[in-house]
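Reading through the structure tokens given below for one structure.
The values are calculated or read from the model by the stated rules, or taken from the named source; none is laboratory data. Fair warning: this is a prediction, and the values are worked out from it, not measured in the lab. So basically every Cβ, Gly included, is an ideal-geometry build from the backbone, and we count neighbours across all protein chains shown. With ligands, DNA and RNA removed, areas are computed over all heavy atoms of the protein, side chains included. Shrake-Rupley method; radii C 1.70, N 1.55, O 1.52, S 1.80 Å.
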Amino acid sequence: MTKMEYKKALSSYPEALTASEVAEILRACTKTVYKLIKLGEIPAVKIGRENRISKSVLISYLRNKDKGSPNPKCVCSENSADAVWTSGRSCGSVCGASGTGRKEKSA
């Protein structure tokens with residue numbers, strides 16, 4: 001969907017959304033919305049006890065999810081038999097070489 005299509009679809013909602021409203025839009029539970037906020041995937045502002053999410057931020061989040069990511073977060077490109085690397089910052093995976101020289105992913 002385009003940005004204008006999202007704006008039109010969400011026109012009945014206020015500019016600052018509560019976690020419950022975001023959950024309704026995403027068709028998810030509020031627990032999931034709070035998890036996305038905690039992980040920093042959806043930026044929110046705390047006002048009193050409530051989190052507020054800007055409608056434009058939610059639209060950007062939805063558009064980025066629609067596009068998907070063309071590049072993987074983790075790439076293992078070294079082919080040496082004794083190679084071991086970790087990418088904990090981006091995805092938390094550890095990759096090491098097996099006896100066949102093929103890389104295996106383990107958590």
- Item | Checking residue 33 against (1) out of contact with any helix residue (DSSP H, G or I) (no Cβ under 9 Å at 6 or more places or on another chain); (2) at pLDDT 95 or above; (3) open to solvent by less than 50 Å² (accessible area, probe 1.4 Å), the condition it does not meet | (1)
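Tell me which residues, restricted to the stretch 44-68, are among the small types (Gly, Ala, Ser), closer than 21 Å to residue 6 by Cα and not in a helix (DSSP H, G or I).
Once the filter is applied, which keeps residues that are among the small types (Gly, Ala, Ser), closer than 21 Å to residue 6 by Cα and not in a helix (DSSP H, G or I), the stretch 44-68 yields 44, 54, 68.
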- Task: Evaluate the stretch 7-19: report whether one residue or more is in a helix (DSSP H, G or I) and aromatic (Phe, Trp, Tyr).
- Result: no
- Task: May I ask you to list pairs of residues, at least six apart or on different chains, whose Cβ atoms are under 7 Å apart, with the first in the stretch 26-42 being β-branched (Val, Ile, Thr) and the second being exposed (fewer than 14 other Cβ atoms within 10 Å of the Cβ)?
- Result: 30/20
- Do we find that residue 41 is open to solvent by 50 Å² or more (accessible area, probe 1.4 Å) and either among the hydrophobic types (A, V, I, L, M, F, W, C) or part of a helix (DSSP H, G or I) (or both) in this structure? no
- Query: For the subset of the stretch 2-26 comprising residues that are open to solvent by 80 Å² or more (accessible area, probe 1.4 Å) and over 10 Å from residue 55 (Cα atoms), which member is modelled with the lowest pLDDT?
  - Reply: 3
